[in-house]
Each structure stands twice: as structure tokens, then as C-alpha cells.
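Inspection log for the structure reproduced underneath, given as C-alpha cells.
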Amino acid sequence: MQTTFSEAQLKDPGIQRSNEILRSCVHCGFCTATCPTYQVLGDELDSPRGRIYLIKDMLENDRDPDEKTVKHIDRCLSCLACMTTCPSGVHYMHLVDHAREYIEQRYKRPLTDRALRWILARILPYPMRFRLALAGAKLGRPFARWMPDARLRAMLEMAPKTIPPVSPNDDPQSFAPQGARKKRVALMTGCAQKALNTDINDATIRLLTRLGCEVVVAEGAGCCGALTHHMGKTSESHATAARNIRAWAAEMDGDGLDAIVINTSGCGTTVKDYGHMFRNEALAEDAARVSAIAVDVSEILMTLDLPPSEDREVVVAYHAACSLQHGQQIKTFPKDLLRKAGYTVVEPSDPHLCCGSAGTYNLMQPEISQKLKDRKVRSLQDKNPDIIAAGNIGCMMQIGSASKVPIVHTVELLDWATGGPKPPALGERPQSPAPVPMLR
């Protein structure tokens, strides 16, 4: 694609990167075949190619975003299926992230939009605030049908039936390995996940220590910054990410780290991009070091001696989170691990398509999200599984809100297969938390 940015414009690092990306696009349209919003809406402007044209026009002409451009960019899930499909290697993620930052700086949204986005940015990345909000949403859920705004209804309906108690395992501390230490890793405990489902981190710690890892929850680490980053709120997302970078760099410079393990794939995609996000900032070197050793939990488990199991006679429908299969290009590891652990793994039709969760998308674009959720749940349940497995808390909440089949994190099933407790979501929550060695 030909571009006409001026020399002055190209002095801006964001414009410079967007120009590189735009020039790599050859208009082929392969991306439209795998774009969920294009399939649902049938509008060229709701495809990656259409959005690329809108972004190019907006940036090249240095114009304030208009309502039309903002609408179509807001409708993008950032599922990144287009990046998997693209034969030209167009890095759409960096382009749309830059466009969102540009919009946030230069477009005044309607008051209700600004208020909702402010609320989400001030609540979701903070576990205790989120817990309080979920408790309030539970009280308001019976009245959701009378809410005039579909987004408010979606927020109330998001509240789970039960809010898990705070897990002491999420506090900064170190967990000793069982037997000889093979690796020393930091576990990213996240933010929303600590409020919505504490079983995931608990299972991850049990499994990694069982397989010979010392697991560290670093002092000062927290939210990855993805939620605000994808809203275009760069200063907020970078402030959050910087705390993680400093916390993990301190561990790397102290007793050392072999990996930073992330069990929420949406977070993993962002942490692996810290090097790019901070490329022009003082933390550039440490950010690049952090990104270099950030891994999805399935990646590190492939390097450890997960014991093979006999057939468990349990059929697991594996849902591939977009941030894992497209954002990180990890497609086979979770399935390979589940099969090694004795599960029969099946996949839904069109596994490359998004479930409609996409961070805050299900709250900000509930109508489109609902259509994608319904299709995903049908395709998973059509396989008649005993369990659905996924590697991202957002997908688990989205699919679990409509599925008749229980959904758990992949790591919970692997923990169960190697001596851990049965995942509580399958109906057998233990009376007290499963024991995990804690060194405070």
C-alpha cells in the first residue's frame, strides 16, 4: 500500500511504525475470510482491510477522528485472526493499537461512553475494586432487564453466581519445588482473574512446583495493562506495565528467573509486546528482557516432564483463545498436553473464530459479542464433550455464561491428571484450599 506521510509526521515513532505496517498491506483481502465482525456484519469497513483504509486516511491527513471511523475501529475485537491469515505479514495489532491511542487523544466520545470506559479502566485492573463491583452487580442483576443501555445490562449479567474468596497464594511470596529445582519462574497472577477465578493460579502453582519449579509471585507485579492499552489509554497502561517490568527485572537481577509464566493468554500477548511498547522509553532494555522470557504456561509445561497418563475416558472440547492462537501463535501445545495427560481432545468447527469476549468487548459491544458467543457455544456443545477447556479467563467467563458444559482452565485439568484435586468448577469444591507450600 502506498502512503504519503510527510517527513515531519514520520518523526513520530507511532506514525513511523504505522507507516511500515500500512506499506506492507497489498489489499489482498484474505483477512476478510477470517474476521469475525465481517462475518457477522458483512460490512467491508468492519473487516481488517476496511479498518486499515480508515486508519490510513485518518493518520495520513492528521485529522481528528470522526464518528464513522471510531465506530468501525471500536467494533474490532483485536482477535488478530487477520494476522494469522495475512500472507504479507501485516502487523495489524500495532496498527490498531496506535489508532486507538490516536482516537483516545483526539476524539471526544459521548458522555455515556466516556463514563463507561472510565469505570472499566478504574475497576477491572484492580482486584479488590472489581470484587466490590461484582458484589454490587450481583445485587443489581435481577433488575438488568430494565436497564436502558445494553452495555449496563451486560455489566450486570457478567457477575458470576459466586465470587471466590481471596487466595493467599496470590500474595507476593515464593513456592518451593517438590524435589530438585529445575527452574525458577515468576507467575503473573493478574488482576481480573484474581477476582473471578482463584482456582487457576492455585492449580498453576501446584502443577509447576510438582514438576520441579520454584514459583515466585513478585512484589509489585499486578495487572499487565492490556485492558487500558486496548482502550487507547496509553499513560495508564504503561504505568501499570512499568510496575511489572520493575518487579520482574528485580527478580531477574536477584536470584534470577528462567521464565515469567502467564496463564491468561490475553495478558501474555501484551507482556510479550512490552519490548515494543517501551521501545522509546527509559525502561526499554528491561522491557525487552521481560518480553524475552515471558511464556504462556503451556510453553513452559512442554519443557518439563509432564508424566503421561492412561486414557481417562474424559472428552475435552478445547477452545483456542484468540490471544493464544493468533496473538502468540501457540496452537498445538495445550492440546498436546491434554492428550498426554490422558484426555480425549476435540475441537469445534471454525476454531479460529473469536468467542466475543475480547477483554472489555463483551461489555462495550454486547450485541455483536452475543452473536459470537452463541455461535461459539453451539459449536463447542455440538462435540458432546464432558468438559470445555480454555487458556484465558475472559473466554471462560464468556463461554461459561451460556454453556451447559462446565468450562475450566487447561492447567486445572493438567493439575488434576498429575495428582491435584478435581477442578472445583466440575462440582467438587474442597472444604478447604488444597495445600500449597508457602514461604512468605
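The values are calculated or read from the model by the stated rules, or taken from the named source; none is laboratory data. Bear in mind that the values here come from a model prediction, so they are computed numbers and not experimental data. Cβ coordinates were reconstructed from backbone atoms using ideal geometry, including for glycine residues, and neighbour counts include every protein chain displayed. Areas reflect the complete protein model, heavy atoms only, side chains present, ligands, DNA and RNA absent. Shrake-Rupley method; radii C 1.70, N 1.55, O 1.52, S 1.80 Å.
In summary, the lysines within cross-link reach of Lys335, defined as a Cα separation below 17 angstrom excluding same-chain residues under 8 places away, comprise Lys383.
Relative to the dominant Cα principal axis of the chain, helix 366-381 is inclined by about 40°. Ligands, DNA and RNA left out, the 1.4 Å accessible surface of the range 98-221 is 59% carbon and sulfur atoms. Based on alpha carbons, the Rg and Dmax found for the range 154-199 are 14.8, 48 Å. When the chain is treated as a Gaussian network with alpha carbon springs shorter than 10 Å, the biggest mean-square fluctuation among Leu59, Leu41, Leu134 belongs to Leu41. Contact order for the range 237-349, expressed relative to its length and based on alpha carbon pairs under 8 Å spaced 6+ residues apart, stands at 26 percent.
Near Gln178, once Lys and Arg are set to +1 and Asp and Glu to -1 for all other residues with Cβ below 10 Å from its Cβ, the sum equals +3. Accessible surface calculations at 1.4 Å, restricted to protein heavy atoms, place the range 265-347 at 39 Å² per residue.
Sorting Leu120, Leu426 on solvent-accessible area from highest to lowest, probe radius 1.4 Å, gives Leu426, Leu120. Classify the chain from the C-alpha gyration tensor, please: rounded if a/c falls under 1.5, else prolate or oblate depending on whether a/b exceeds b/c. Because a/c hits 1.5 or more and a/b exceeds b/c, the chain counts as prolate. Of the listed residues His238, His91, His72, the order by accessible area with a 1.4 Å probe, largest first, is His91, His238, His72.
The residue among Ala159, Ala144, Pro125 whose Cα reaches farthest toward the positive pole of the charge dipole of the range 101-226, with charges on the beta-carbon of Lys, Arg, Asp and Glu, is Ala144.
Accessible surface area normalised per residue over the range 82-164 is 55 Å², counting heavy atoms of protein chains with a 1.4 Å rolling probe.
Here the Karplus curve 6.51 cos²θ - 1.76 cosθ + 1.60, taken at θ = phi - 60°, turns the phi angles of the range 320-327 into couplings of 8, 4, 4, 5, 8, 6, 9, x Hz, with x standing for Gly and Pro. Summing +1 for each Lys or Arg and -1 for each Asp or Glu among the other residues whose beta-carbon sits under 15 angstrom from that of Leu156 gives +4. Helix 284-293 and the longest principal axis of the Cα set of the chain meet at an angle near 50°. Within the listed set Val90, Val411, Val26, the Gaussian network model of the chain (springs between alpha-carbon atoms below 10 Å) gives the highest mean-square fluctuation for Val26.
Relative to the longest principal axis of the Cα atoms of the chain, helix 48-60 runs at roughly 50 degrees. The residues of the range 175-239 expose, per residue, 27 Å² of accessible area to a 1.4 Å probe. Count Lys and Arg as plus one, Asp and Glu as minus one, and take only other residues whose Cβ is under 11 Å from that of Cys76; the net charge is then +1. Subtracting the Cα-Cα distance of Lys371 and His27 from their residue separation scaled by 0.36 nm leaves 121.1 nm. Distant-in-sequence amide contacts of Ile407, defined by a placed amide H-H separation under 5 Å and a gap of 5 or more residues or a different chain, comprise Ile388. With contacts taken as Cα pairs under 8 Å at a separation of at least 6 residues, the chain carries a relative contact order of 14 percent. For a 4.7 Å threshold on C-beta separation, the list of partnerless cysteines in the chain reads Cys25, Cys28, Cys35, Cys76, Cys86, Cys213, Cys355, Cys395.
Here the Karplus relation 6.51 cos²θ - 1.76 cosθ + 1.60, evaluated at θ = phi - 60°, turns the backbone of the range 119-129 into coupling constants of 4, 4, 5, 8, 10, 4, x, 10, x, 6, 4 Hz, with x for every Gly and Pro.
Per-residue ellipticity at 222 nm from helix content only, as computed over the chain with -39500 (n - 2.57) for each DSSP H run of at least four residues, stands at -13500 deg cm²/dmol.
Sites count as exposed loop sites when they are GluC sites (Glu not before Pro), lie in a DSSP loop, and have at most 13 other Cβ atoms within 10 angstrom; the longest stretch of the chain without one is 8-218. With each label modelled as a point 7 angstrom along the Cα→C-beta vector, the Asn384-Glu67 pair spans 5.1 nm.
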